[in-house]
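The values are calculated or read from the model by the stated rules, or taken from the named source; none is laboratory data. Remember, it's a predicted structure, so these values are computed and weren't measured experimentally. For neighbour counting, all protein chains shown are included, and Cβ atoms are generated from backbone atoms with ideal geometry for every residue, glycine included.
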Amino acid sequence: MKRRTFLLSTLGAVASAQVASKDNQVPEWVRNALMEDNARAKSLPQFPPGFLFGTATSAFQIEGATHEGGRGESIWDRFCKTPGKVKGRENADVACDHFHLWKSDIALMKSLGIQSYRFSIAWPRLQPPGSGAANQTGIDFYSRIIDELLANGIRPFPTLYHWDLPQPLQDRGGWAARETADRFAEYAQIATRAYADRCPNWLIFNEPTMFINLGNLSGIHAPGLRDPAVTMRAGHIVNLAQGKAFRAMKAVSPKLRIGSAFSMSQPYPASTSDEDRRAAERFHAWENIWYIEPALHGRYPSAIGPIPDKLLDIRPGDMDLTRAPFDFIGINNYSRAVIEHDPHFPIPFAAFRWLSGETGPKTDVQWEVYPRGLYEITMRIWRDYKLPIEITENGAAYNTPPGRDGEIPDQQRIDFYNSYLHELCQAVADGADVRAYHAWSLLDNFEWNEGYTPRFGLVYVDYNTLARTPKASAHWYAKLIAAQKNSL
């Protein structure tokens, strides 16, 4: 049954008050649905047997030790040292010091019942210059993590690239240089040769739309460029790199299960106009599936319209090289996208503006809470591609401080997870083959250009002492996982 959660949310507190005092003035379906919504808020969603509950992190955001173990410089190390780029002039030199505290962090995951841990391998730690021989110290570091995860019954789920391009490659053109695709494929083969015997599940990229557009178009992320032409070329080269890495990894072990994690927001036209409706479809093409269509179909999304090969620097044979027949698709989802037509968008054929939705409440970074968007984007990707899906990121920033008793009562985060997971559960019930869910994030951590201000973690990190304290949401998540196990 299709729920009416968000129509109800537009009625808001007024409707709730009417239900309490003037039932005869409120339609029966509103009263029933509000009662259902209240019941859902108190209940735990129930997923099918074999569904995995996990958490996610990325190397640059938690590891620290940027000058230890033979690690090389990344574009984010350089970006953080550029004045005015990161809030508070913060950097990730220490971050959460996971480089030294990884074993206790895994013990913490074990105590919460985490079943799958999505982490990223730092390319500059494994191959400091971005080419040539592997750094054995880096190889050994992740090998120990993988072994410890397996010893604790947690599935290791590595991501090859979570935004930390080796700076020497950026100095030679970064993702806008075709050489980078070949270097990435070599790195992918190094990593899979090292870990494929223990890690059957892999992600190639995390959010290519974000690291290309935010790093090369808006310039708010590393490497800090604002160049539409570079953005177009770099996006195409990332698609080449994805295809080449996929084949390099399968050459090491054909049985590997490989996908990528894509940032996705369900688009909603800002009005009923044809212009806004078409803009919403362009958004979907540009933001959600720009790196899926080439991988699965060897083409760019049709909603964008014809694109001159010269603009992307597409060369003979390129679209065959972009092909990567994924074994699954990873979805990172936080909110929805309200879209209107905008002829001034810096990529002319995209021509949309992403507005802030106003139906739901906001997190502390002003992202709208819109759980139904997770249901709808999951169902759309399932209908369009019929591949298994893993939710590779979903979470919210709430900066709830510790109370006098040391507890962190982050009820808003609990409500967020509960509502989004109920919607995901509905998608599964409606036929979507969703295999796993990963909460972002395990730890409060370095949040890119926002520094350490937003706190997304299930676990509170005191950045002065590096002490970890599970929040109320962590205990809730542990209860959810335990209830799932007990029901089987």
(message) Filter segment 374-427 down to the residues that are closer than 24 Å to residue 325 by Cβ and of a type outside the set (D, E, K, R) and list them by number.
(response) 377, 378, 379, 381, 382, 385, 387, 388, 389, 391, 392, 427
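Which of the residues spanning segment 116-154 are assigned to a loop (DSSP other than H, G, I, E, B), at negative phi and touching a residue at least 24 places away in the same chain (Cβ under 8 Å)?
Scanning segment 116-154 gives 121, 122, 127, 128, 129, 131, 134, 135, 152, 154.
Among 99, 157, which is the only one that is under 28 Å from residue 80 (Cα atoms) and outside any helix (DSSP H, G or I)?
157
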(request) Given the conditions (1) in contact with a Leu (Cβ under 9 Å, 6 or more places away or on another chain); (2) surrounded by fewer than 21 Cβ atoms within 10 Å (Cβ to Cβ), report the number of the one that residue 355 does not fulfil. (result) (1)
(request) Could you name every one of the helices (runs of 4 or more DSSP H) located completely within segment 252-344 that has at least 2 residues being within 28 Å of residue 199 (Cβ to Cβ) and within 25 Å of the chain's Cα centre (by Cα)? (result) 293-297
(request) Could you pull out the residue among 439, 429, 467 that is within 16 Å of residue 108 (Cβ to Cβ) and either surrounded by fewer than 21 Cβ atoms within 10 Å (Cβ to Cβ) or touching an Asp or Glu at 6+ places or on another chain (Cβ under 6 Å) (or both)? (result) 467
(request) Take residue 295 and decide whether it is at pLDDT 95 or above, surrounded by 15 or more Cβ atoms within 10 Å (Cβ to Cβ), within 30 Å of residue 54 (Cβ to Cβ) and touching a Lys or Arg at 6+ places or on another chain (Cβ under 7 Å). (result) yes
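Per-residue answers, yes or no, for (1) within 20 Å of residue 242 (Cβ to Cβ); (2) loosely packed, with under 15 Cβ neighbours inside 10 Å; (3) not assigned by TED's automatic domain parsing to the domain that holds residue 290:
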site	(1), (2), (3)
320	yes, yes, no
337	no, no, no
340	no, no, no
348	no, yes, no
361	no, yes, no
(request) Specify the residue that is surrounded by the most Cβ atoms within 10 Å (Cβ to Cβ); the eligible residues are those in segment 380-418 that are hydroxyl-bearing (Ser, Thr, Tyr) and either in contact with an Asp or Glu (Cβ under 9 Å, 6 or more places away or on another chain) or free of Cβ contacts under 8 Å to residues at least 40 places away in the same chain (or both). (result) 398
(message) Filter segment 257-289 down to the residues that are under 22 Å from residue 423 (Cα atoms) and either outside the structural domain of residue 203 (by TED's automatic domain parsing) or of a type in the set (Phe, Trp, Tyr) (or both) and list them by number.
(response) 262, 268
(message) If I ask for residues that are more than 23 Å from residue 137 (Cα to Cα) and buried (at least 17 other Cβ atoms within 10 Å of the Cβ), which ones from segment 69-90 would you list?
(response) 79, 80, 85, 86, 90
(message) Among the numbered criteria (1) over 25 Å from residue 375 (Cα atoms); (2) crowded, with 23+ Cβ neighbours inside 10 Å; (3) under 15 Å from the mean Cα position of the chain (by Cα), which one does residue 447 miss?
(response) (2)
(message) Which of the strands (runs of 3 or more DSSP E) found entirely inside segment 363-465 contain at least 3 residues meeting this: of a type in the set (A, V, I, L, M)?
(response) 434-440
